[in-house]
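First comes the structure, then the notes that go with it.
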Amino acid sequence: MNLAIVIGVSEYADAANNLPGCKRDTDVIYNIISRSEKYDHIILLNNNEISSEAKNVLINFIDEHKDHQINEVFFYYTGHGEFINNDFHYLLSDYNPLKRKQTSLQNIEIDNLLKTLNPELVIKVIDACQSGTAYIKERDVVTKYFEEAKNKFNKCYFLNSSLSTQSSFQNEEMSYFTKSFAESLRDSKTDDIRYKAIIDYISDEFENIGNQTPFFVIQADYTEKFCTKTQDLKNYLEGMNHASGEETAKDKTLSIHDLVVNEAKDYLSRDEAIQLIEILVEESKKFKLDRSTEKLYNLNIGIIDDYNKIPCRIEVGKWLDNNPNLFFAKSTRRRVRTTPLTVAQTIRRTIEIEDDSKFTFILDGYEITVDTPLKGISIDANAKYPNITSYNLAICFLLSKKSIKLFFFIYHYTEQGWDNRSLSFKEVVGRTIEHNGPNTEKFKKNIKIIFDTFNNKIVNDLQEKFKQSIETNQVLEPTQSTQASAPKKITQKKPSDTSSDK
């Protein structure tokens with residue numbers, strides 16, 4: 001038997017996260033594989049099923065076929081993706097980063113399900129980006145991750161839409177990577193289509209697109225065939241572009257001048273970059289806590305103008321070491337003596353000129369190499385009551401001609417006395433959002449994502465702390481009042497641009 005799983009998520013908890021092109025992505029892929037007449041059983045999940053429903057469908061599908069002899073399994077996903085805690089996550093419509101495993105499909109979970117079928121060949125086509133969350137890892141961490149994953153299967157082809165440092169793009173119609181996949185079939189001169197031919201077509205098409213580079217992991221003979229084009233499939237592929245009203249590359253060839261001018265629109269001038277920073281300040285001043293917690297905390301919103309006051313500076317410096325030359329910034333180091341001072345030197349507090357072998361240089365942060373009006377934003381949520389925790393949100397940024405990269409970290413305070421506290425560097429929530437181009441409305445949405453994450457962290461921590469009391473009230477209150485309600489549920493958004501960025 002040959003089996004196929006097609007999953008697309010186009011709508012998330014907040015409209016700002018929606019990816020309208022993903023709906024058509026799955027329609028196109030489903031039409032292709034069903035019209036190929038190759039697959040014996042196909043499941044399609046593209047109605048924004050919540051995580052519990054999607055997982056049940058997958059488990060039932062695997063359970064139904066685990067005793068059959070499976071030749072090939074084709075797995076396709078389009079939607080938001082995230083790489084964190086050494087695993088790739090396919091984000092479902094009810095995704096909440098504070099309930100990550102419950103509201104996403106882990107790649108390792110998918111691998112284990114597919115291994116149960118013991119297929120001869122596994123194909124994964126993943127049209128998603130990991131949104132820059134692997135900032136503390138080496139530059140090609142996602143590539144290495146899928147390289148290691150291939151060893152779980154006899155033969156496999158993994159087709160991924162972008163590198164770990166990039167986004168995967170789409171317009172309102174569909175995703176560019178999936179569109180290229182379909183066009184590789186349409187433009188093929190032969191009816192027999194090999195996976196290697198699809199990979200070669202996509203590679204050539206994205207060769208000159210610097211902001212999205214698909215990557216492929218292969219453990220096979222390069223002879224495996226995706227399908228043989230039926231007449232029904234040929235008719236569908238030929239009509240696909242006419243239905244969308246788009247011109248193909250064969251219909252219109254852009255000049256070098258046009259290509260340069262079109263791409264230049266996505267770049268930032270210095271004034272546009274500074275404007276985005278000013279928007280960050282303005283939006284931060286408007287920040288408010290969730291209604292359920294606003295009476296429990298006092299807010300203190302401030303500007304950070306000194307790199308030494310940025311608590312996450314070491315993490316940003318590490319990211320820059322692993323991703324050099326992408327932004328106008330560099331990591332910084334300080335010199336530390338490895339050979340202790342003599343008693344006489346300590347008393348005199350003088351140090352004679354010594355050789356470098358007595359010193360080492362350790363990472364202590366970063367600095368931006370262009371002038372900026374500030375270095376970051378700090379927001380304290382100071383608890384009014386002694387039995388709850390205070391929090392800090394630190395936001396900083398890096399700039400380039402192409403984008404502004406926002407780093408944000410959520411800390412909690414630990415107390416050393418009634419009037420003495422410090423930031424705790426344990427259980428820190430840290431993420432990044434990369435914003436491309438001068439689109440200010442999109443930038444405001446990205447800032448809102450940061451603030452919502454901060455609010456969600458506080459609300460969820462309080463719900464967890466008082467979980468037993470909440471459950472007790474839920475049992476008791478209905479007998480006292482018919483208006484009793486469950487505690488407010490907060491869902492977290494994932495960064496996106498409905499017109500371009502996954």
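Throughout, read-outs are computed from the coordinates displayed, never taken from laboratory work. If you're wondering where the values come from, they're calculated on a predicted model, not measured in any experiment. Backbone-built Cβ (ideal geometry, glycine too); neighbour counts: all protein chains shown.
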Whole angstrom only: what separates the Cα centroid of segment 355-416 from the Cα centroid of segment 265-281? 20 Å
Enumerate the amide H contacts of LYS124 below 5 Å, restricted to partners 5 or more residues apart or on another chain; note that Pro and chain-start residues carry no placed amide H. PHE75, TYR157, PHE158, LEU159
Rounded to the nearest 20 debye, dipole of segment 270-465 from Cβ charges on Lys, Arg, Asp, Glu: 140 debye
Residues whose placed amide H lies under 5 Å from that of VAL429, excluding near-sequence neighbours: ILE410
Quick one: Karplus J couplings for segment 385-392, per residue in order, coefficients 6.51, -1.76, 1.60, θ = phi - 60°, nearest Hz, x for Gly and Pro? 10, x, 9, 10, 8, 8, 10, 9
Along segment 78-94, what does the Karplus equation 6.51 cos²θ - 1.76 cosθ + 1.60 (θ = phi - 60°) give for ³J(HN,Hα), rounded to whole Hz, x for Gly and Pro? 9, x, 6, x, 8, 10, 7, 6, 6, 8, 8, 10, 8, 7, 9, 5, 9
Between ILE84 and residues 5 or more places away or on another chain, which pairs have amide H atoms under 5 Å apart, with H built 1.01 Å from N, and which residues are they? HIS89
Which lysines does LYS150 reach when only Cα atoms under 18 Å apart count, and residues fewer than 8 places away in its own chain are ignored? LYS115, LYS124, LYS196
Show me, for segment 451-458, the HN-Hα J-couplings you get by feeding each phi into the Karplus relation (A = 6.51, B = -1.76, C = 1.60, θ = phi - 60°), rounded to Hz, glycine and proline as x. 5, 5, 4, 4, 4, 4, 4, 5
